[in-house]
1. Condition (residue is under 22 Å from Asn315 (Cα atoms) and at pLDDT 95 or above) applied to the stretch 28-35: is it met by at least one residue?
2. Which of the following residues is under 14 Å from Pro193 (Cβ atoms) and either loosely packed, with under 15 Cβ neighbours inside 10 Å or assigned by TED's automatic domain parsing to the domain that holds Ala289 (or both): Ala142, Ala174?
3. Against the definition (of a type in the set (A, V, I, L, M, F, W, C), buried (at least 23 other Cβ atoms within 10 Å of the Cβ), more than 30 Å from Val273 (Cα to Cα) and without any contact (Cβ under 8 Å) to a residue 40 or more places away in the chain), how does Ala123 come out, yes or no?
4. For Ala130, state whether it is crowded, with 17+ Cβ neighbours inside 10 Å, assigned to a helix (DSSP H, G or I) and modelled with pLDDT of 95 or more.
5. On the given criteria, is Ala43 over 27 Å from Gly270 (Cβ atoms) and modelled with pLDDT under 95?
6. Given (1) buried (at least 19 other Cβ atoms within 10 Å of the Cβ); (2) within 24 Å of the chain's Cα centre (by Cα), where does Glu187 come up short, assuming only one miss?
7. Given the options Arg260, Arg242, Arg237, name the one that is of a type in the set (Lys, Arg), in contact (Cβ under 8 Å) with a residue 40 or more places away in the chain, within 14 Å of Pro135 (Cβ to Cβ) and in the same structural domain as Ala159 (by TED's automatic domain parsing).
8. Go through the stretch 267-283 and count every residue that is exposed (fewer than 14 other Cβ atoms within 10 Å of the Cβ) and within 15 Å of Val132 (Cα to Cα).
Amino acid sequence: MAAGYRVAVVGATGAVGREVLRLLESRRFPVGRLRLVATQRSAGRRIGPHVVKPIAPEVFDEVDVAIFDTPDEAAKEWVPVAAARGAWAIDNSAAFRMADDVPLVIPEVNAHALRRAPRRIIANPNCTTATVAVPLAPLHRAARLRRLIACSYQSASGAGQRGLDQLWAELKEAAATGRAPEAPRGEVSPKHPMALNIIPAVGSLRGAHTSEEVKMQAELRKMLEAPDLVCGATCVRVPTLRAHGVAAHADFAEPLSAERARELLAGAPGVEVVDDPAAGDFPTAIAAADREPCYVGRIRIDAAGCLAFFAVADNLWKGAALNTVQIAETLVRDGLLTPARA
C-alpha cells in the first residue's frame, strides 16, 4: 500500500462528494488508498480510476478517515458503523451536530474540540452557519458575542442538484419569454418560482421558525461555547447558483469598533476582508464561488449600535466539502490521526 491514510468518501457520486474528491487531490491530502462509497443505486459507477462500492459494514474495514455526505437517516445508520470499525467519521449531515459527545467543528473556530470526540465522530456545521461563524469567532474571542441578528441569502445549490436544475429551468423559461416564470419548474420550491424571485423560508417549518433558522442559533452556541447567545435569523433563498451570504448585526459585551473589528478579521484564519464600498469592493456570491475563504465586507457600526458586516462563503466548499477535508487535515496535524493506522 502506498504511504498515506486510508480514506473513504461516502456519498461520492453527489455534488459535495465530488467536491471532496477534488479537494483531497488539490490540497494534496496524504491519501494512501481511496475508497468511494455510495448507495446500491450508484454502486458500480466509475469516477476516475475508482469504482464506487455499495455501502456495507465491511467497506469501513481498515479505513482511517470516512467522510460522509448523505441524508440524515443514512448518516444515523452508517456513521456509527464506520466509527465502530476504527475510522474517524466526519459527517456533513445534521444527524449528530447537537449530540453532546460529538464535536461540531470548523477548524478556524474550534479545532480544540477535536480532542473531545469519544465516539470518533465529528460533525460538520450547516453551510449557512459556517458562513457567519468563521468571521464571528475572532470577534467573539475579543469582545464576547451576546446577541446576533442575521439574514441569510442562500443559493440554489444549497438545495442540491435539484435546486440548481429548477433554477436553470426557470431561468431558461424567463429568457425565452422575457417574463418571470408564472409557475415553479421543480420540486425544491413547489409553490414559488426560484428564478427572479426571493423566498423568505429555507428548510422545514419549526413553529414560527424554519429549521435553518433554528440551526444557526444552536450551532453557533455550541461552536463558540456561548450558551447564552441569542440569535434572531431569517433565512432566504435567492436565485444565485453557489455561495451563501449572511448579513450580520452583532452585539458584544465589550466595546468593539469597526476599525478594531476590521483588524481582527484581517488577521483571522479563513477570512478575507473585501471592504472598500466607495470603490465597489465588497463580498459577492460570484466572487466567492470555488474559493476557500469566507469573504467579509460592509464592516460598520449600524444605527442601532451593533457591529454590522456582510459575509459570503462557498456553501459547497467552506459550508461542506472543504471543511470536512480541513477537519481531516487538522486530525493529521494534531496527531489525532496516528501514523500507526497509516
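1. Checked against the condition, which is being under 22 Å from Asn315 (Cα atoms) and at pLDDT 95 or above, the stretch 28-35 yields at least one hit.
2. Ala174
3. Against the criterion (of a type in the set (A, V, I, L, M, F, W, C), buried (at least 23 other Cβ atoms within 10 Å of the Cβ), more than 30 Å from Val273 (Cα to Cα) and without any contact (Cβ under 8 Å) to a residue 40 or more places away in the chain), Ala123 does not qualify.
4. When the stated conditions are applied, Ala130 passes them.
5. The answer is yes for Ala43.
6. (1)
7. From the options Arg260, Arg242, Arg237, the qualifying one is Arg260.
8. 1
The values are calculated or read from the model by the stated rules, or taken from the named source; none is laboratory data. What you see is a predicted model, and the numbers here were worked out from it, not measured in a lab. As a convention, Cβ positions derive from the backbone with ideal geometry for all residues, glycine included, and neighbour counts pool all protein chains shown.
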